[in-house]
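What follows draws every value from the coordinates through simple rules; no lab data is involved. Computed from a prediction, not measured in an experiment: that's the story for all the values here. Don't worry about glycine lacking a Cβ; one is built from the backbone with ideal geometry, like all the others, and counts go over all protein chains shown.
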Protein chains: 2
Amino acid sequence: MKKDLIKPTESELEILNVLWEKGQATVKEVHEKLSEHKISGYTTTLKLMQIMHEKGLAKRDDSSKTHVYQANISQDKTRQHLLRKMVQSLYGGSTSQLVMQALGNKATTREEIEEIIQFLEKMK
Amino acid sequence: MKKDLIKPTESELEILNVLWEKGQATVKEVHEKLSEHKISGYTTTLKLMQIMHEKGLAKRDDSSKTHVYQANISQDKTRQHLLRKMVQSLYGGSTSQLVMQALGNKATTREEIEEIIQFLEKMK
DNA sequence: CTCATCTTACGAATACTGTCGTAATTTGGC
DNA sequence: GCCAAATTACGACAGTATTCGTAAGATGAG
C-alpha cells in the first residue's frame, strides 16, 4: 500500500519542496531556506527531517557527521496524489470543475491560457 | 482576517459537503449520510458539528430540541481558498501547472475537454 | 591530544483531531 | 403528569504534529 507513504504534513511538504529543488540538502541548508519565510528553531527542522526519515519520506546519507537528505517520494507522485484527493473531497470527483475554478479565480495570463489550449488540443 | 476562518479539517469538510448539498440538516441526517461510506459513532458526528459551530464553520438553529445546522462558509470560497493554498504549496504558485497536471493525470473524458476548451475560448 | 564548535539524538510540552461512553435534557404519546 | 426514546452536552482518551531545550557525540584547529 503505497498510499500510506504519501501523506506529508504541511511542514513536511515545505521541507520536501526544498529537497526537491536542491536535490539533496543538509538540515542546515533546509533550515536556512525555510527561515526565509518562516521562523522556527534549528532543532525543529532537524526533528522534522528525522521523522521524515523514519517515515520513509526522505532518505539520508549519514556516512559523515553532517547528514545529507534527499526526498524519497517524487514531486510528481505527490502532486498527483494530493490533487486527486482534493478533486474527490472538494469537487465531488470532477476534475473539470476544479480546472475551471482554478482558471476562473486567478488572473491567468493569456499566454497560460494559450498554453493550456494547446495542451488540450493535443490531448484530444 | 477571514483567512483563519477557512481551515476545515478533513472530517469537517465531509460534514460541510453534506450541509452544502442539503442546505440544512440535523445531526442525524448528516450522520446517516456519512454512514454511507464511513463508520463512526453518532456522537462523533455530533461532537464534530458542535465544534464546527463553536468555530463558526456552521450556524445552527437550536430553537427546538433537534438542532438544525447550516454551513456558515460558502462552498465556493472554501474551494477557492484551498485550491489557492495547494497551488502555492505544491505548484510554486503556477496555476497552469496544476491545471495541466490535473488534466494529464486523470482519464478525462472528451466531453470534459471540450467543455474546458469552450470555457477557455470564452475567457480569452 | 584537547577543547570549542557543529551537529545529531532524545525526551518533553503543547495543541489539535477524531473517537466514544455516559450523563443530562427534552419531548411526544399515553 | 410520566416515561421511554431521542437528542444534546460533557469529559476523557489516544494518536499525531509541531515545537524546543538539553544532552550527547563528532570534528577540526591549534
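A few points about this structure:
- Chain A: angle of helix A:75-91 to the longest principal axis, Cα-based, in degrees nearest 10: 50
- With the label put 7 angstrom out from Cα along the Cα-to-Cβ vector, B:Gly104 ends up 2.5 nm from the copy partners, going from closest to farthest.
- Folded to 0 to 90 degrees: helix B:10-22 orientation relative to chain B principal axis, Cα: 90
- Copy-to-copy label separations for A:Ile51, where each label sits 7 Å from Cα toward Cβ, in nm and ascending: 1.8
- Each copy carries a label point for A:Phe119 at 7 Å from Cα along the beta-carbon vector; from one copy to the others these points are 1.3 nm apart, nearest first.
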